[in-house]
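Comments concern the structure below.
The values are calculated or read from the model by the stated rules, or taken from the named source; none is laboratory data. Treat the numbers as computed from the prediction; the structure is a model and nothing was measured. Because the Cβ atoms are built from the backbone with ideal geometry, glycine has one as well, and the counts that use them run over all protein chains shown.
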Amino acid sequence: MQSYEFRIFGAGGGLSLIFHSCHVSDTAAIRRARAFAGTASFEVWRDLERLMPKPVYPSVAEVMAAEPARDAKTRLYDFKLSSARHPPLLFAAALTTDEQATDHARRLLKRHPEMSEAEIWRGMTLIRQV
């Protein structure tokens with residue numbers, strides 16, 4: 001079973017509810033979210049991938065698969081999202097360049113609008129702040 005996040009939006013378009021649950025497949029999760037949301041708009045997330053509605057930007061895996069494999073080595077980046085009013089959120093991703101990490105941090109900030117800034121770390125080194 002995999003963990004999913006449902007985001008239900010209110011009539012005004014603002015985030016109304018975040019719901020976490022486990023399902024055996026993406027299809028089962030989307031079906032449950034649709035039943036749970038009723039007529040409200042909603043999103044379904046598995047890890048960092050938005051399943052419903054389909055994202056307008058490619059996933060990190062798609063970007064990495066589309067790029068030519070010239071001596072590109074993936075590096076593990078850590079992302080710390082912070083806000084004055086919320087506890088920090090931590091994420092990790094394997095990417096090949098600092099620019100990809102910056103784009104990834106911006107997508108994380110869009111996904112978590114309550115957070116105001118992101119730090120990008122590689123090992124014990126702060127790479128960039130977004």
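Assess whether residue 105 counts as being surrounded by 15 or more Cβ atoms within 10 Å (Cβ to Cβ) and assigned to a strand (DSSP E or B). Steps first, please.
On the way: surrounded by 15 or more Cβ atoms within 10 Å (Cβ to Cβ): yes; assigned to a strand (DSSP E or B): no.
So residue 105 does not fit the description; no.
Checking 90, 48 one by one, the residue that is aliphatic (A, V, I, L, M), modelled with pLDDT of 90 or more and within 18 Å of the chain's Cα centre (by Cα) is 90 and no other. Residues in region 51-78 that are at pLDDT 90 or above, exposed (fewer than 14 other Cβ atoms within 10 Å of the Cβ) and out of contact with any Gly (no Cβ under 9 Å at 6 or more places or on another chain): there are none.
Just one of the numbered conditions (1) part of a loop (DSSP other than H, G, I, E, B); (2) modelled with pLDDT under 90 is not true of residue 36: (1).
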